[in-house]
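Down below is the structure, laid out as C-alpha cells.
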Amino acid sequence: MAVSKVVSVTCEMGDTFRIDGQLGNHKLVIDQPKAAGGQDEGPTPLDYFLFSLGGCVASIGRIVAMQQKINLRGMKVSVEAGMNPAGLMGKPTDDRVGFQNFEVKAEIDADMTEEEKKAFLDLVCARCPVHDNIAKVSVVKHTAVESVAIA
C-alpha cells in the first residue's frame, strides 16, 4: 500500500457535548441537539459525516467535469442513511452501530442525457475517497494516549 498523503484533524471536547476543531484555516463545531443533552451549537458528527460524503461527491464531480471539459453548471447532492440508534445508546441490538445503508442522489445541471448523467455519477462515486471509505472496508486503529491537561 503506497500512502503518499496523510490527512489529519484534531478535535477537543471539554465538559459538555461541544467539540471544537481547527481544520486548516477553518474552525468547526460539533454538538448534540438540546433534546440529547447538547446546546445545538453545531451539527452532530453523523450530520458532518453525511455532509462529507455529499461534499466529496460534488467536489469530485467538479474535478471530473473540468477534466472531461463538461460545462457543469452545478450539482445538488442529497445523502440519506439509515441506522438503528440502539447500539450507540448502549442498548442491546443485533444491528451494527453505524449506518446500515446510504442513498446518494445527485441533480446534475449539465447538458447531458440521463444515461450520461448516470455514467458521470458512477465515475464520480468511483473516484470519491469518502464514498470509497464507506463502500469498502478500511482499517481503523484507535489508541488511548496519556492524558494532558486541557487548558
- Taking segment 71-98 and the residues there that are surrounded by fewer than 17 Cβ atoms within 10 Å (Cβ to Cβ) and β-branched (Val, Ile, Thr), the one that is nearest to VAL140 (Cα to Cα) would be VAL97
- Residues in segment 14-25 that are of a type outside the set (Val, Ile, Thr), at pLDDT 95 or above and either on the phi > 0 side of the Ramachandran plot or under 20 Å from the mean Cα position of the chain (by Cα) (or both) total 4
- Query: Considering segment 98-151 alone, what residues qualify as being under 18 Å from GLU80 (Cβ atoms) and either of a type in the set (Phe, Trp, Tyr) or in a loop (DSSP other than H, G, I, E, B) (or both)?
  - Reply: GLY98, PHE99, GLN100, PHE102, CYS128
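Which residue out of VAL3, VAL29 is out of contact with any Leu (no Cβ under 8 Å at 6 or more places or on another chain), more than 26 Å from GLU116 (Cβ to Cβ) and part of a strand (DSSP E or B)?
On inspection, the qualifying residue turns out to be VAL29.
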- Hits in segment 1-40 (condition: surrounded by fewer than 15 Cβ atoms within 10 Å (Cβ to Cβ) and touching a Lys or Arg at 6+ places or on another chain (Cβ under 6 Å)): ASP40
- Pairs under 7 Å by beta carbon, first residue not assigned by TED's automatic domain parsing to the domain that holds VAL57 in segment 91-117, partner part of a loop (DSSP other than H, G, I, E, B) and not polar (S, T, N, Q), six or more apart or different chains? none
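The values are calculated or read from the model by the stated rules, or taken from the named source; none is laboratory data. Source: prediction; values computed, not measured. No Cβ is skipped: glycine too gets one built from the backbone with ideal geometry, and neighbour counts run over all protein chains shown.
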